[in-house]
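Following: one structure in structure tokens, then a few remarks.
The values are calculated or read from the model by the stated rules, or taken from the named source; none is laboratory data. Fair warning: this is a prediction, and the values are worked out from it, not measured in the lab. Note: ideal-geometry Cβ built from the backbone for every residue, glycine included; neighbour counts use all protein chains shown. Note: accessible area is taken over every heavy atom of the protein model, side chains too, but ligands, DNA and RNA are not part of it. Shrake-Rupley method; radii C 1.70, N 1.55, O 1.52, S 1.80 Å.
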Amino acid sequence: MNPATRTYRLVILALASFMMFGNYFAYDSVSAIETSLIKGLGADRASIGSMYSWYSFAAIAAVLVGGILIDKIGTRMASLLFSVLLTAGAVVVAIAPSVGWMQFGRLLFGAGAEPLAVAQSAILARWFKGKELALSFGVALTVSRLGTLFTFNTEALIADRSGWRAALWVAAILCFISLLANLLYNVLDKKAEPVLGLGESGADEINWSQLKKGAFPPSFWYVTLLCVTFYSAIFPFTALAPDFFHSKWNIPQASGEGLGFLSGIFYNFTHMFSTAQGVTSIIITASMIFAPFAGRLVDRIGKRASLMILGSLLMIPAHLAMGMTMINPVLPMIVLGAAFVLVPAAMWPAVPLVVEKERVGTAFGIMTAVQNIGLLAFPYLNGTLVDNTKSYTASQTMFSCLGIAGLIFAVLLLAADRKAGNVLESPTPQEG
């Protein structure tokens, strides 16, 4: 193929998107088969939660140096290195004879996964410009979220029929296939570079000299604090959600018994509201379907701080309802899905609007690192609370309190934005 053709760029987009599919599948695989792991390894819920904490611990350090490494050795080699590292971590998780070895595998996995996301952003920025860039990011996010959707709707079925270790091996194999996609991207990118004169795109790394200057406005710090509270009330919750739905409402862990394997997978997808893993995936499904529309809505109407207030507000009754009542969890999960659509659509695009252009990379690096600090602590806290109280009421109260904290930061953000001239509340300026 000619590197200058649209078909060539579409192939690049497909490969760049799929190189994160295995990562997203493997990330939540331990949650999707949580009950099987507790029985098979003799683990407690705190140990399962710590699988996410070890991932985030490695991710914090990796994010701090990942952008620098991309700049030093180039996007191709860096992305390949990160893919190898996360695949090795997934393999260690699959063969781990104990919880300790599994935690070590998650450490390796996190060290490769988060900087690979940074590298993927650099790849898309290298190949796509203008409106195509926004489209490419949307496609990549959708493919990545498909990994999460598939893991919640297939891994329990695999564990039920072939054992929990087989389910973890499926995750490792998908990481290896994503690694192959990365290898093929490297070949095509290297071929196209001299033809198209491609240059390296700057990665989102932290420039510490910029941080010392104190050049970031209060609006940025409010967005960052909202980021850590919001994601800490979503991902640590979903880490143990399948067991929560099964133990409190007796929602089956897997369905489609008596059907063939492929028929069982299809059954799980079409009965998403009647399986524990399917109900957990409502949040991700909502994001996949509605996130592109939410992005366009935010560009058109603005109201970013107001939407962050609304999204934070929705989280509070959703978590409280699941923790303190016997209401069917489908409705609160739909409400959480709405929050997961609104807040990210308004939050991430807000950063370039409140931070000077030359500091955007540092701003995103700080925001991602702080986000992972929350994701380091709260999965373990969630599991510990459940183990000690023998119920999920305390942990759901904790998540609702995070929603309250996020609401406070969002209100402070709105006040700061009004003083700055309603930058976030205004529609996105049209080019030209």
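Quote the FRET efficiency, to the nearest 0.05, computed for Ala215 versus Ala61 with a Förster distance R0 of 22 Å and r equal to the Cβ-Cβ distance.
The computed FRET efficiency comes out at 0.35.
Let a ≥ b ≥ c be the square roots of the eigenvalues of the Cα gyration tensor of region 273-323; is it rounded (a/c under 1.5), or, if not, prolate (a/b larger than b/c) or oblate?
oblate
Any of Lys190/Lys303; Lys303/Lys390; Lys303/Lys357; Lys72/Lys303 with alpha carbons more than 32 Å apart? Name them for me.
Lys190/Lys303; Lys303/Lys390; Lys72/Lys303
Rg (Å, one decimal) plus Dmax (Å, integer) for the alpha carbons of the chain?
Answer for the chain, Rg first and Dmax second: 21.0, 64 Å.
Give, rounded to the nearest 20 debye, the magnitude of the charge dipole that the chain has about its Cα centre when Lys and Arg contribute +1 at Cβ and Asp and Glu contribute -1 at Cβ.
500
Answer rounded, prolate or oblate for region 9-140, using the Cα gyration tensor with square roots of eigenvalues a ≥ b ≥ c: rounded when a/c is under 1.5, else prolate when a/b is larger than b/c, else oblate.
prolate
Select from Ala96, Ala346, Ala62 the residue whose mean-square fluctuation is largest in a Gaussian network model of the chain (Cα-Cα springs shorter than 10 Å).
Judging by the Gaussian network model, the answer is Ala96.
Given a Förster radius of 25 Å and the C-beta distance between Ser247 and Thr270 as r, what FRET efficiency does 1/(1 + (r/R0)^6) yield to the nearest 0.05?
Result of the calculation: an efficiency of 0.55.
Starting from region 343-432, pick out the GluC sites (Glu not before Pro) whose DSSP state is loop and whose Cβ has at most 13 other Cβ atoms within 10 Å.
Within region 343-432, the qualifying GluC sites (Glu not before Pro) (loop, at most 13 other Cβ atoms within 10 Å) are Glu356, Glu431.
Compute log10 of I(q)/I(0) for region 248-400 with the Debye formula, placing one identical point scatterer on every Cα and leaving out solvent, at q = 0.18 Å⁻¹, to two decimals.
The computed values of log10 I(q)/I(0) come out as -1.20.
Report the extension gain between Leu184 and Leu10 in nm, rounded to one decimal, defined as 0.36 nm multiplied by the number of residues separating them, less their alpha carbon distance.
So the chain would gain 61.3 nm between Leu184 and Leu10.
Read phi for every residue in region 27-33 and hand back ³J(HN,Hα) as whole Hz from Karplus 6.51 cos²θ - 1.76 cosθ + 1.60, θ = phi - 60°, with x for Gly and Pro.
4, 9, 5, 5, 6, 5, 10
Provide the solvent-accessible area of Trp249, counting protein heavy atoms only and rolling a 1.4 Å probe, rounded to the nearest 10 Å².
Ignoring ligands and nucleic acids, Trp249 comes out at about 50 Å².
Only helical DSSP H runs with n ≥ 4 go in: add -39500 (n - 2.57) per run for the chain, normalise by residue count and round the 222 nm mean residue ellipticity to 500 deg cm²/dmol.
Mean residue ellipticity at 222 nm (helix-derived): -27000 deg cm²/dmol.
If I compute solvent accessible area with a 1.4 Å probe over the protein chains, what percent of it on region 231-367 is carbon and sulfur?
C and S atoms contribute 71 percent here.
Which value, in Å², gives the accessible area per residue of the chain when a 1.4 Å probe is used on the protein heavy atoms?
In whole numbers, the chain has 40 Å² accessible per residue.
Please work out whether region 316-397 counts as rounded, prolate or oblate from its C-alpha gyration tensor, where a ≥ b ≥ c are the square roots of the eigenvalues and a/c under 1.5 means rounded, while otherwise a/b larger than b/c means prolate and anything else oblate?
oblate
Using a Gaussian network model of the chain with C-alpha springs under 10 Å, which one of Thr270, Thr224, Thr280 is most mobile by mean-square fluctuation?
Top of the fluctuation ranking is Thr270.
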